[in-house]
Amino acid sequence: MIDFRMPSLGADMEAGTLVEWLVKPGAKVKRGDVVAVVETQKGAIEIEIFNDGVVSDLMVPVGGRVPVGTVLARVDGVTTAAVPAAPLPPLPAPAVAVAAPPPAVVPIPAATPGRQRISPAARRIAAERGIEIERLTGTGPGGVITVADVEAAKPAPPGGEVTRRRAGFDPAAMRQAIAAAMSRSKREIPHYYLSQTVEVSAALARLERLNSERPPPERVLPAALFLRAIALAVVKTPELNGFWEEGRFRPGDGVHIGWAIALRGGGLVAPAIRDADRRSLDEVMAAMRDLVLRARSSGLRSSELSDPTITVTSLGDRGAETVLPIIYPPQVAMIGIGRIVTRPWVVDGAIGPRPVVTMTLAGDHRASDGHRGGLLLAEIDRLLQEAETL
């Protein structure tokens, strides 16, 4: 028998509230199954189990506050290690526009008898409107209850019991948690900073050709190309891709890039794009869109928040020209990308206008030094000059 504990979903998390159990005692589970929903400052997070076996006991009741490390359940018949890396999730179709997201439908394990399958966004709306999930019929894939199904239902009569808690997040609480994590980072991590201004006309030309015959929802954004270059470059500087734990550096088991996403109403999260170096450019773009949709509809999984080995934040076309990131512990590096601007640039001895972007690396001096950090930025620059290969 093994204890299944509440995972840490980042340095800014101390505890969460159990919103829903998706399994019962006696249920068979396998690694990667979603077994519970926990509400944190980041919203409602689907908690995955990291073992195969049979659920013996549920140790925390719905509504209970759960500090990180608390035993959530006990599992018999374990056949895998206690905390292995989660498997690479299936890639979403790249045809969904961030600006107009459809109802989020996140796959969950096969339902136990009497339990409805429902997307996190639909669950939240049902709780807010006092709608009992048990009486709904899902029209989504595999019978999943969608937002449209909830919106078409009638709310419970006044005074009726609401059977689900609201699964949302408190922006003030999230801001407080972020501040605590960043204060810890600046206090404990000896940061060093390096910046590189990268000329990106070749990169933008590639995107223009790639997007010329695509509808807007399927177009690749510059941020995806930058992220792809970063993922490939990090492979050559592994000491910038991992964690500082218990006084030593632990390398990541892959290049799992945390993508910083601003949430509506305030706050941010940085879920992982796992094995980003092994994904094509279109797959990276699809993963980014998928994470944005699910982050803003409380549909992220625990592994996506605990897996990043290095984080990237991009301010986009409405941000500042330069961002100086603060490392998210226990990671040892973070890269900030400013907005693309046009500046005078020397090419073949002549000055002309060129699009450029400033990339800034924050590194942990305990794990690496400026020389290695400089090599990383130089490799990113080189890859973007050869954008057709990305």
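The values are calculated or read from the model by the stated rules, or taken from the named source; none is laboratory data. Note that the coordinates shown come from a computational prediction; the quantities given were computed from them, not determined experimentally. Note: ideal-geometry Cβ built from the backbone for every residue, glycine included; neighbour counts use all protein chains shown. Side chains included, ligands, DNA and RNA excluded: accessible areas come from the protein's heavy atoms. Shrake-Rupley method; radii C 1.70, N 1.55, O 1.52, S 1.80 Å.
Okay, here's what the table says:
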{"read-out": "Dimensions in Å of region 183-229 - Rg and Dmax from alpha carbons", "value": "16.9, 50"}
{"read-out": "Exposure of T17 as accessible area (Å², to 10), given a probe of 1.4 Å and all protein chains", "value": "30"}
{"read-out": "Sulfur and carbon atoms: percent of accessible area, region 306-390 [1.4 Å]", "value": "55"}
{"read-out": "Those trypsin sites (Lys or Arg not before Pro) in region 237-294 that DSSP places in a loop and that have at most 10 other beta carbons within 10 Å", "value": "R264"}
{"read-out": "Stokes-Einstein D (µm²/s) once Rh is taken as the Kirkwood radius of region 223-351 over alpha-carbon pairs, at 4 °C in 1.567 mPa s", "value": "83"}
{"read-out": "Per-residue HN-Hα couplings for region 33-47 [Karplus 6.51, -1.76, 1.60; θ = phi - 60°; Hz; x = Gly/Pro]", "value": "5, 7, 10, 7, 10, 10, 8, 10, 4, 8, x, 7, 10, 7, 8"}
{"read-out": "Whole-Hz ³J(HN,Hα) from phi, Karplus 6.51 cos²θ - 1.76 cosθ + 1.60, for region 249-260, glycine and proline x", "value": "8, 10, x, x, 7, x, 9, 10, 7, x, 9, 6"}
{"read-out": "Solvent exposure ordering (accessible area, 1.4 Å, most first) of H191, H371, H256, H365", "value": "H371, H365, H191, H256"}
{"read-out": "In region 304-390, trypsin sites (Lys or Arg not before Pro) in a DSSP loop with at most 11 other beta-carbon atoms within 10 Å", "value": "none"}
{"read-out": "Carbon plus sulfur fraction of accessible area for region 32-81, probe 1.4 Å, in percent", "value": "55"}
{"read-out": "Stokes-Einstein D (µm²/s) once Rh is taken as the Kirkwood radius of region 324-382 over alpha-carbon pairs, at 20 °C in 1.002 mPa s", "value": "162"}
{"read-out": "Accessible area (Å², per residue) of region 184-245, counting only protein heavy atoms and a probe of 1.4 Å", "value": "46"}
